[in-house]
1. Could you check the simple spin-label distance between V395 and T156, using points 7 Å along Cα→Cβ, in nm with one decimal?
2. Taking a point 7 angstrom from the Cα of Q77 along the C-beta vector, which residues in segment 143-181 have backbone N less than 13 Å away?
3. Just to confirm, what accessible area per residue do you get for segment 254-335 at 1.4 Å probe, in whole Å²?
4. Could you give the length gained by full extension between D70 and F321, i.e. 0.36 nm per residue of separation minus their alpha carbon distance, to one decimal place?
5. Only one of the listed values, (1) 26.5, 104; (2) 23.1, 76; (3) 28.8, 106, was derived from the coordinates as Rg and Dmax of the Cα atoms in Å; which label is it?
6. If amide H atoms are built 1.01 Å from N in the plane of the peptide, which residues on other chains or at least 5 residues away come under 5 Å of the amide H of L216?
7. Assuming a strict under-18 Å limit between Cα atoms, what lysine pair count do you get for segment 392-480 once near-sequence pairs (fewer than 8 apart, same chain) are dropped?
8. At a 10 angstrom cut-off on C-beta neighbours, averaged per residue, how do the peptides 366-379, 211-224 rank from highest to lowest?
Amino acid sequence: MQSFKIKLMNQMRKMILITVLLFGSCFYLQSQEFYNQLFESYDHYKEHALQTRRFTHDQIMPLIDELKGDAMFEVAQVGKSIKGRSLNLISFGEGDIDVLLWSQMHGDESTATMALFDIINFFQGDDFQNQKDQMLSKLRIHFLPMLNPDGAQRFTRRNALDIDINRDAIRLQSPESKTLKKVRDSLEADFGFNLHDQSTYYNASQSPKSAAISFLAPAYNYQKDVNDVRERSMKLIVYMNEVLENFVPGHIGRYNDDFEPRAFGDNIQKWGTSTVLIESGGYPNDPDKQFLRKLNFVSILSAMQAIASTEYLENTTEEYFTIPENDRKLFDLKLSKVSYELLGETYMIDLGINTPQIAAENAKGYYQKGRIADLGDLTTHYGYESLDASEYTTVPAKVYPESFATIEKVLKSNLQEILSQGYGYVVVEEFPEDQESIGVPLNILKEHKAPNFSLHLGANPCFFLKKDGRLRYLITNGFLIDLEQPKANFSNALIYN
């Protein structure tokens, strides 16, 4: 009889466990379906007043002022920047859990600022009412967008004092730092989201895939201890990672958790707010980070949903440490086994070439200038674009013998014919002083003398790759041009003035 009771109890335990697992699985599937729908319907919520990464305080203020007429939102000016630009807190929701999100602490890290306004549009819409009701009933959400408007004005990292706000959490010398500390303390926020952009050259560890989004549960001491506050951050990140892996598998990284005693994320964690760092990195063919903006939109909303439902608590800290660490072994272009002649000897080298954005007064707000970032044995590195050049020989680009009166004449010329003959430079007589770049793969010179061809660190590369007696590729300003199929997404060559 006793044996029968034991067997019956064991069977009941199994049934309960199965029921719990099935319920949890069903709950997760329902949640994931919500995130799938969010991802698919994102364009409906995208704030179209913000179309590129470069925008200013003046451009977001109409969006903030408009919210003052909506009873859902409470808008308050909570501080001013060094140059007097307003710092605004947007609050909504009726719940007891305070969630604080701040963006653009660094003026040139704007991806999440765009996403915050997309999320506001989501909450103003009529769709997904059940999910929104749950979030708004459980949470009190606070957005502090563009914490560094003076830096955003110049699209630079630092503020008008030329200090890094994220290294001012202890001294609190800048008014922007004081404002963030004051807001955090006044709310005693339960959760904090520290929203940043990282270099596009980070990859997920030992992978050619870019780190599109990287997460971090910041350490609060040098020992990297895990208390209840940090544990909640880790479990929440596991949840967000699982959501994003459905959309960008292998493109999620984990940021280095070395303790930085001056940083806000580390200290806000220390002060008792469970903090999540989100770093928007890079993704192929996304120079203005509009796709990463979409990932921010989905991941932040998934975090809010998980906090409101407490679903994230089912995860473990062990799962957090399985997320691949960030690595920085990614180039815009990687050329493998390039044959390069120097002083009569031929060497085989790999080239890692980057094409960073340079601020400019043009329609895009920037141009790109290529540079050799590394060379040698780069077998442990990767590229957004890669080419095995082992069967090719390098051919320095020549200067086209005839001059052009204007750049407009260059644009109307037979570019394909010029390139096929090995010309990578042209001379223009009426030289524009206010232009830094040109949208065709020909560098512009003042005179018939090309820059010396040399492959070295920092060099702006311009040369052809030749195979079987025929020119097949042009590398100009760091971009790879297939001469048989010229790329449509070429950014710019350079004007040497």
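The values are calculated or read from the model by the stated rules, or taken from the named source; none is laboratory data. Keep in mind the model is a prediction, meaning the values are calculated, not measured. Positions of Cβ are generated from backbone atoms using ideal geometry, with glycine treated the same way; all protein chains shown enter the neighbour counts. Quick note on the areas: whole protein, heavy atoms, side chains included, nothing else; ligands and nucleic acids left out. Shrake-Rupley method; radii C 1.70, N 1.55, O 1.52, S 1.80 Å.
1. Going by the 7 Å Cα→Cβ label model, 4.4 nm.
2. No residue passes the distance filter.
3. For segment 254-335, the solvent-accessible area averages 33 Å² per residue.
4. Net length gain for the segment: 86.2 nm.
5. Here the calculated entry is (1).
6. Hits under the 5 Å cutoff: Y255, L277.
7. Lysine pairs, 8 or more places apart or on different chains, close enough: 5.
8. 211-224, 366-379
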